[in-house]
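> Supplied in structure tokens, the structure appears directly below.
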Amino acid sequence: MAPDATFRFDGRPVAARPGQSLAAALTEAGIRAFRETAKGARRGIFCGMGVCQDCLVTVNGQPNRRACMTPAAPGLEVATQAAFARLDPGATLPERPPARSIAPDVLVIGGGAAGLAAAAAAARAGASVVVLDERKVGGGQYYKQAAADAPLDPQQAAGAALIAEARAAGAEMMGGVEVWGAFDGLLFLAEVAGGALVARPRTAIVATGAYERPRMVPGWTLPGVMTTGAAQTLWRSYRTLPGRRVAVAGSGPLNVQVALELARGGAEVALVAEATGHPLLRPAAAAAMALTGPRLTLQGLAMLAGLRRRGVPVRYGLTLDAVEAAEGGALRATFSDGRSVTVDAVLMNDGFEPQNEILRLLGAGMDWDPAVGHLRARRGEDMQTTVPGLYAAGDCAGLGGAPAAVAEGRIAGACAAAACGHGDAWDLFADRRALARHRRFQRALWRMHSAAPRPLDDAPDATILCRCEEITLGEVRAGLADGPGHVGTLKRATRVGMGRCQGRYCAAPAARMVAAATGRPMEDVSLFAPRVPIKPVSIAAILAAQEAVDGSA
Amino acid sequence: MAAPDLLVIGGGIVGQTAAIRAAEAGMRVRLVDAGVNAGSTANAGSLHVQLQSRFIRLFPELAPNVEASLPLYLAAVREWERLEAAHGPFELVRQGGLMLAEGAEQMRFLEGKAAREAARGLSVELLDRPALDRLAPWLGPQIVGAELCRDEGKLNPLVANRALRARAAALGVEMRADRIVALEAGAGVAARGASGAVHAARQAIVAAAWGAGALVAPLGLALPVRAEPLHMNITEPGAAQIGHLIQHAERSITLKQFASGQIVIGGGWPAESRGDWATPAVRAASLLGNVALAARLVPAIAGLRVIRTWAGMNTTADGRTVLGRLPAAPSVILAVPGDAGYTLGPLAGRIAGELAAGLPAAEDIAPLSPARFAAPVRLGASAVRLSA
Ligand SMILES: Cc1cc2nc3c(=O)[nH]c(=O)nc-3n(C[C@H](O)[C@H](O)[C@H](O)COP(=O)(O)OP(=O)(O)OC[C@H]3O[C@@H](n4cnc5c(N)ncnc54)[C@H](O)[C@@H]3O)c2cc1C
Ligand SMILES: Cc1cc2nc3c(=O)[nH]c(=O)nc-3n(C[C@H](O)[C@H](O)[C@H](O)COP(=O)(O)OP(=O)(O)OC[C@H]3O[C@@H](n4cnc5c(N)ncnc54)[C@H](O)[C@@H]3O)c2cc1C
Ligand code: FES
């Protein structure tokens, strides 16, 4: 008999496999709505990676746990999260909250492609290295591992090898550690299982990756609508399909890749809608991509062929217009040509946004890249940001893709170690050449898709812009009529971006709307001012950190 | 467009309510605001009345000034209620404030304080733990009692600011984004902005908080205003349970629950200054210390997560409101509200607006006059010919 992590949800038993997240097990059981909002709506998994804060459930009486980040365990009492958690008058504080302080030469935040490569390079040079990652399942987004199963494919196998390489080089890897605070002088505060980790490293490499840009349409907050990457994590890490029948929409290569992965896994993919035109109609862009990255271009073509073989329709120049709840918990997705499909899950990815909160908090210089519609960290050849001792590698510094993230990580790791007196970081020629090649390919790749964010001009007023506070585009448009000079003023007037996710989804579009209204260009200061905590932090973790910081001061 | 009758410099709660009152009295008003570090957009929305222990501890020499102002705080809360009735709701709740004691000595301190406050007309009462448990059954076990001040309350500053701004706009107050770099006064006033514009009017109200000192220095006033960067925290929402404003007899803390269910934790923990014209930065020690203290006083909040912190700019002077015409430049009215300036703001603003409009004042503001900071006038700085 397979080992079993069956828990209860609202009193009903839900079967789960060890290592499976609560979110995956609930999805597998056909349960999609996890929490209620202040306005009475239902929400479930959206990002699948701890960012959106919409998958909240109560676990053993503890409110507001993220189901996507919490592993299932036998006997857990899980419940739908009410909009307003009860304050327990009899609550007592944890007696001696666990805390640990570390001061490595090199602290790597994020154990994905970039972070693992950085850790391996720095540790090999002789530096003391600690890698922190909020996920319990290693590898980051590209190399994400299976929680309990054997590697699914060469991508996962390569990730396992990179993890082994970093560990063999002597890097200490800590999973389930979420960095929530970054302060001048390189002080980092993290939450680990209700306790605290306090890090005062000599140098830090931020390798926090990216999260997905959604396609904001009416209904994008309904349970069952999730990012393409969330569905990928369900499948790759937990062997859970997001639904029996799915539709995929947006722009970019991840949509095609995940559609194929899910089809292979047994899902029926009703439609893949790519917003940009057919590659055959854009031969120059296609040729540029094939020239800069022949191997990856072939992989892409093979995926399309794979979808064709399975009879999955891939339509170009087609966009998602709306999602509605349909009979029996299904979703009806309507597209720009008027067609609609009825599915269990709608997956969306419209590009990526860098997780640059730590970099911005510490004041690292940023430049706006209009081609991708997000900030890029200003860095030297050594991947050091404008803040001394602070390095950035991978997608957190601006979209670059996994191969570039590995090359940047190796350079950052070697250079940070050298800055601490370990090794001399001279032999980086091959990494730099590889990096240049990967960057050329990325530029060509994104010409095939639309990496720049879609303007929301045509979206109806009723479209929700701020998921957390349930603020519609119409309310934000009304707020714009007061002539706020900055998105911060718009935030205070409308509450847009004030919720748990800290404006991860609404900040950029709201800032673009203010920029359009004021005629000012987008730049770092156009966005909400960065603030701690980067992610909501439990009071228990704050109590623990306070003891550790006080004790060491 | 004709020059306005009144120029208001600073668009925080004081400038906003001054502009509203003057416009209601029929004046043409222009409000110029730099849009930087307004305490009014960063504050916690506590309506303070009782003496704040933080203030007494930090600035003991100023405590008598604050004590003398107690009746003003009572009047200020009534002014907020009037404004809310006219332009609200602002989520204003006046269920009172509890100042907690953790030992016999703190309880004795509160007894003395309560006696002084009662003498100034405040509605205060001392509660032992059983009495406290009936009002607030969610306090930590170490709390022995509290002082209840029934006059205190809370409101949502974001909602209030927005409604008052709309009111000002409806009255035709002209709002300009500019930073005044020089203010000259004679028969009228002329204020030069960083934008290059010169804003001229018959009179000016300087409601520029920490920025006021530099503006009035050439007009013969050594105003000791200081920008004080302060720290705030807010949690995710919980079910409504905490109606009172919570403070502590000895330690810096305010804690309250907004209508959204969120717990707002502040009380004057320091933030890191990056200069008066830049947003201050959050200090780790303040975040950790402030939230940890809140959780020890009210363990019931321990299940919620902190979702955001921020730092804003408070303004301190000598503990007492500064309100009145400049002795050496009577066309300029100064209005700086003093400690707990958001509470006092609308009262200070209304009085300043009435002063500008030449309306008879109901309150005696002589004790608040800026004359107490009069310095020798630098010659040549104050007189200017106006071509309005
Ligand atoms: C959901 C998703 C799926 C993707 N799938 C693919 C794919 O299949 N193929 C592809 O080519 N590209 C994919 N990408 C793009 C991918 O991000 C990059 O190409 C690649 O993973 C970048 O590597 P990285 O090291 O920069 O970031 P990542 O691999 O994303 O690694 C970042 C790591 O940092 C951790 N982290 C972030 N913030 C914190 C914090 N505050 N505290 C602690 N740890 C933190 C994360 O848990 C993560 O493990 C995906 C992106 C996303 C968002
Ligand atoms: C974090 C925090 C919490 C607080 N909590 C409370 C509370 O709970 N209760 C309470 O009663 N008080 C509280 N306060 C205090 C309160 O916010 C302030 O005292 C009050 O808002 C001051 O109002 P104001 O109108 O005088 O000035 P402000 O709101 O500070 O506005 C001054 C304005 O003048 C502008 N300005 C300055 N110089 C110039 C210039 N040269 N030209 C043009 N414009 C200029 C500034 O940009 C600013 O917009 C708090 C303060 C802080 C920082
Ligand atoms: S789905 Fe769990 S945080 Fe987004």
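The values are calculated or read from the model by the stated rules, or taken from the named source; none is laboratory data. All values reported here derive from a predicted model rather than from experimental measurement. Cβ placement follows ideal geometry from the backbone for every residue including glycine, while neighbour counts extend to all protein chains displayed. Heads up: the accessible areas ignore ligands, DNA and RNA and are worked out on the full protein's heavy atoms, side chains in. Shrake-Rupley method; radii C 1.70, N 1.55, O 1.52, S 1.80 Å.
> Would you say A:Thr518 is more than 14 Å from chain B (Cβ to nearest Cβ) and of a type in the set (Ser, Thr, Tyr)? Give the steps one after another, and end with the answer.
Details: more than 14 Å from chain B (Cβ to nearest Cβ): no; of a type in the set (Ser, Thr, Tyr): yes.
When the stated conditions are applied, A:Thr518 does not pass them.
> Moving to a separate point now. Just to be sure before I move on: is A:Ala182 touching a Phe, Trp or Tyr at 6+ places or on another chain (Cβ under 9 Å) and either open to solvent by 50 Å² or more (accessible area, probe 1.4 Å) or under 27 Å from A:Asp382 (Cβ atoms) (or both) in the structure I sent?
Judged against the criteria, A:Ala182 is a match.
> Restricting to segment A:301-350, name every residue that is outside any loop (DSSP other than H, G, I, E, B), among the acidic types (Asp, Glu) and at pLDDT 95 or above. Spell out the reasoning first.
Initial filter on segment A:301-350 (outside any loop (DSSP other than H, G, I, E, B)): A:301-309, A:314-316, A:320-325, A:327-329, A:331-335, A:340-343, A:345-349.
From what is left, the residues that are among the acidic types (Asp, Glu) are A:321, A:324, A:327.
Once the filter is applied, which keeps residues that are outside any loop (DSSP other than H, G, I, E, B), among the acidic types (Asp, Glu) and at pLDDT 95 or above, segment A:301-350 yields A:Asp321, A:Glu324.
> I need the full set of residues from segment A:136-169 which are basic (Lys, Arg), touching a helix residue (DSSP H, G or I) at 6+ places or on another chain (Cβ under 9 Å) and assigned to a loop (DSSP other than H, G, I, E, B), in order please. Step through it out loud before you land on a result.
Within segment A:136-169, the subset basic (Lys, Arg) is A:136, A:144, A:167.
Imposing the further condition that a residue be touching a helix residue (DSSP H, G or I) at 6+ places or on another chain (Cβ under 9 Å) reduces the set to A:144, A:167.
Residue satisfying the conditions is A:Lys144 alone.
> Among the candidates A:Ala73, A:Ala83, single out the residue that is out of contact with any His (no Cβ under 9 Å at 6 or more places or on another chain), in contact (Cβ under 8 Å) with a residue 40 or more places away in the chain and within 22 Å of A:Ala230 (Cα to Cα). Working first, answer last.
Details: A:Ala83 fails: within 22 Å of A:Ala230 (Cα to Cα).
The match here is A:Ala73.
> Oh, and also: Output the number of residues of segment B:300-314 satisfying the condition of being out of contact with any Ser or Thr (no Cβ under 6 Å at 6 or more places or on another chain) and within 7 Å of chain A (Cβ to nearest Cβ).
As a first pass, look at segment B:300-314 and keep what is out of contact with any Ser or Thr (no Cβ under 6 Å at 6 or more places or on another chain): B:300-303, B:307-314.
If we keep only those that are within 7 Å of chain A (Cβ to nearest Cβ) as well, we get B:300-303, B:307-310.
Number of matching residues: 8.
A quick yes/no check of all residues on (1) part of a helix (DSSP H, G or I); (2) open to solvent by less than 10 Å² (accessible area, probe 1.4 Å); (3) outside the structural domain of A:Met69 (by TED's automatic domain parsing):
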{"residue": "A:Thr489", "(1), (2), (3)": "yes, no, yes"}
{"residue": "A:Gly497", "(1), (2), (3)": "no, yes, yes"}
{"residue": "A:Gln502", "(1), (2), (3)": "no, no, yes"}
{"residue": "A:Phe528", "(1), (2), (3)": "no, no, yes"}
{"residue": "A:Gln546", "(1), (2), (3)": "yes, no, yes"}
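> Does A:Ala419 satisfy being open to solvent by 50 Å² or more (accessible area, probe 1.4 Å) and of a type in the set (A, V, I, L, M, F, W, C)? If you could, list the steps in order and put the result at the bottom.
Details: open to solvent by 50 Å² or more (accessible area, probe 1.4 Å): yes; of a type in the set (A, V, I, L, M, F, W, C): yes.
Yes.
> Free of Cβ contacts under 8 Å to residues at least 60 places away in the same chain and either part of a loop (DSSP other than H, G, I, E, B) or not assigned by TED's automatic domain parsing to the domain that holds A:Glu274 (or both): is that true of A:Met522 in this structure?
Values: free of Cβ contacts under 8 Å to residues at least 60 places away in the same chain: no; either part of a loop (DSSP other than H, G, I, E, B) or not assigned by TED's automatic domain parsing to the domain that holds A:Glu274 (or both): yes.
No, not satisfied.
> Another question, if that's okay. Could you list all residues from segment B:254-272 that are at negative phi, part of a loop (DSSP other than H, G, I, E, B), surrounded by fewer than 24 Cβ atoms within 10 Å (Cβ to Cβ) and in contact with a strand residue (DSSP E or B) (Cβ under 7 Å, 6 or more places away or on another chain)? If you could, list the steps in order and put the result at the bottom.
If we filter segment B:254-272 for residues that are at negative phi, which is where we start, we get B:254-260, B:262-266, B:269-272.
Filter once more, so that each one left must be part of a loop (DSSP other than H, G, I, E, B): B:258-260, B:262, B:271.
Going one step further and asking which of them are surrounded by fewer than 24 Cβ atoms within 10 Å (Cβ to Cβ), we end up with B:258-260, B:262.
B:Phe258, B:Gln262, listed by residue number.
> Considering segment A:525-540 alone, what residues qualify as being more than 9 Å from chain B (Cβ to nearest Cβ) and over 20 Å from the mean Cα position of the chain (by Cα)?
If the condition is that a residue be more than 9 Å from chain B (Cβ to nearest Cβ) and over 20 Å from the mean Cα position of the chain (by Cα), then A:Val525, A:Ser526 are the ones that fit.
> Follow-up. Does A:Arg477 fit the bill of being closer than 30 Å to A:Arg295 by Cβ and surrounded by fewer than 20 Cβ atoms within 10 Å (Cβ to Cβ)? Break it down stepwise before answering.
Working: closer than 30 Å to A:Arg295 by Cβ: no; surrounded by fewer than 20 Cβ atoms within 10 Å (Cβ to Cβ): yes.
It is false that A:Arg477 is closer than 30 Å to A:Arg295 by Cβ and surrounded by fewer than 20 Cβ atoms within 10 Å (Cβ to Cβ).
> Now for a separate question. Quick one: A:Cys506 ticks every box in (1) at pLDDT below 95; (2) more than 12 Å from chain B (Cβ to nearest Cβ) except a single one, so which number is it?
Here A:Cys506 clears every test but (1).
> Considering only residues that are open to solvent by less than 20 Å² (accessible area, probe 1.4 Å) and of a type outside the set (Val, Ile, Thr), which ones fall in segment A:188-202?
At the first step, the residues of segment A:188-202 found to be open to solvent by less than 20 Å² (accessible area, probe 1.4 Å) are A:188-190, A:195-199, A:201.
Selection gives A:Phe188, A:Leu189, A:Ala190, A:Gly195, A:Ala196, A:Leu197, A:Ala199, A:Pro201.
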